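Here's the structure we're looking at; comments come further down.
The values are calculated or read from the model by the stated rules, or taken from the named source; none is laboratory data. Quick caveat: nothing in here was measured; it's all calculated off a predicted structure. Because the Cβ atoms are built from the backbone with ideal geometry, glycine has one as well, and the counts that use them run over all protein chains shown.
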Amino acid sequence: MPYRSIYRPDLFAGRTVLVTGGGSGIGRCTAHELASLGATVALVGRQMVKLETVADEIAEDGGTAICHACDLRDEEAVRAMVTDVVDRGGRLDGVVNNAGGQFTSPAEDMSTKGFETVVRNNLVSGFTVAREALTQWMRDHGGSIVNIVADPIGGTPMMVHTGGARAGMITVTETLAVEWANYGVRVNSVVPGYIASSGMNTYTPEMQAKFTEGLKKMPFKRMGTEAEVSSVVTFLLSEGSSYVSGACYYVHGASQSIRQDWTVPDHTNAKPYQGFHRYNGPPHFLGGYTDDDAGEDQS
């Protein structure tokens, strides 16, 4: 069964798209969708084994992927990686800045080194990848850059480092969209809400308990799927969004819109879209979505 994208076949035929953090979670899902639509996908991350596993999956499905192991915090390594992508892919039409990572800690106990490491991971590296994509290809050919960030509204208790970095990346997005418009380069950001992805398994049991409890307060009464994020990213990379730049798209099921004094009754009406045929399932502390949960969208 192939990826069940909502977009037309061959939408990205002849194009190369770089996806950082492509070895798992949202990055893996997005890479699969882009490859299913004809793109040559450049998978970038620190663990080559994970990247090669995804590349093998894509090849089995009839797509094309190339792998690039890279520490995105290393400027020279990023420069060499982008050069390699352009050489092997022949071009660079799109970038999905998805890689990142953080840990939980009260701000008062967080070291400066720990804070700076996450900022380099989640802010500096994204800028460096975008800059190299521009200077090595997009400045002369145009392109689209999508930055995966996190919602800074209301702060990020227990993760002040990533809150600062991700909020910074939204501003970077808006700034680059203006500065690079004359090159035909569009820059946008996507803010996933609670997404049922394997990345949630890295959090402490205490944080996982907070996620589970938080579901009761969410208007949709469920977490989002990786495919629901990927479809928005894919739109922003496509020609259909040719007049969209400097924008921030929220994929959170209205979870940041609800007032504290408002309660949404329990329901099962917000059906998930699960187009990813190789979805590994939700985090271990959550139950899986069934065919019935996906309604008519499940195939």
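Does the stretch 212-228 hold any residues that are in a helix (DSSP H, G or I) and closer than 17 Å to T263 by Cα, and which are they? Show your work before the answer.
Let us first name the residues in the stretch 212-228 that are in a helix (DSSP H, G or I), namely 212-217, 226-228.
Hits for the stretch 212-228 are T212, E213, G214, L215, K216, K217.
If you go through the stretch 1-51, how many residues are outside any loop (DSSP other than H, G, I, E, B) and among the charged types (D, E, K, R)?
Qualifying residue count, the stretch 1-51: 3.
Specify the residue that is nearest to M1 (Cα to Cα); the eligible residues are those in the stretch 240-282 that are outside any loop (DSSP other than H, G, I, E, B) and touching a strand residue (DSSP E or B) at 6+ places or on another chain (Cβ under 9 Å).
V251
Quick check: anything in the stretch 170-186 crowded, with 23+ Cβ neighbours inside 10 Å, in contact with a Leu (Cβ under 7 Å, 6 or more places away or on another chain), in a helix (DSSP H, G or I) and of a type in the set (S, T, N, Q)?
No: the stretch 170-186 contains no residue that is crowded, with 23+ Cβ neighbours inside 10 Å, in contact with a Leu (Cβ under 7 Å, 6 or more places away or on another chain), in a helix (DSSP H, G or I) and of a type in the set (S, T, N, Q).
Do we find a residue being of a type in the set (D, E), under 24 Å from H32 (Cα atoms) and touching a residue at least 24 places away in the same chain (Cβ under 8 Å) anywhere in the stretch 150-159?
No, there is no match, as no residue in the stretch 150-159 is of a type in the set (D, E), under 24 Å from H32 (Cα atoms) and touching a residue at least 24 places away in the same chain (Cβ under 8 Å).
State which residue is farthest from V149 (Cα to Cα) when the search covers only the stretch 194-210 and only residues that are surrounded by fewer than 17 Cβ atoms within 10 Å (Cβ to Cβ) and of a type in the set (A, V, I, L, M, F, W, C).
So, considering only residues that are surrounded by fewer than 17 Cβ atoms within 10 Å (Cβ to Cβ) and of a type in the set (A, V, I, L, M, F, W, C), the one farthest from V149 (Cα to Cα) is A209.
From T225, T268, which residue is in contact (Cβ under 8 Å) with a residue 24 or more places away in the chain, surrounded by 18 or more Cβ atoms within 10 Å (Cβ to Cβ) and out of contact with any Gly (no Cβ under 7 Å at 6 or more places or on another chain)?
On inspection, the qualifying residue turns out to be T225.
If V95 satisfies every condition in (1) on the phi < 0 side of the Ramachandran plot; (2) in contact with a strand residue (DSSP E or B) (Cβ under 9 Å, 6 or more places away or on another chain); (3) surrounded by fewer than 20 Cβ atoms within 10 Å (Cβ to Cβ) but one, which is the exception?
(3)
Would you point out the residue of the stretch 59-76, among those that are of a type in the set (G, A, S) and surrounded by 15 or more Cβ atoms within 10 Å (Cβ to Cβ), that is farthest from V41 (Cα to Cα)?
Filtering the stretch 59-76 for residues that are of a type in the set (G, A, S) and surrounded by 15 or more Cβ atoms within 10 Å (Cβ to Cβ), the one farthest from V41 (Cα to Cα) comes out as A69.
Name, by its number, the condition in (1) modelled with pLDDT under 95; (2) closer than 12 Å to G22 by Cα that does not hold for T104.
So the condition that T104 fails would be (2).
Would you pick out the residues in the stretch 37-79 that are touching an Asp or Glu at 6+ places or on another chain (Cβ under 9 Å) and without any contact (Cβ under 8 Å) to a residue 24 or more places away in the chain?
Selection gives A77 alone.
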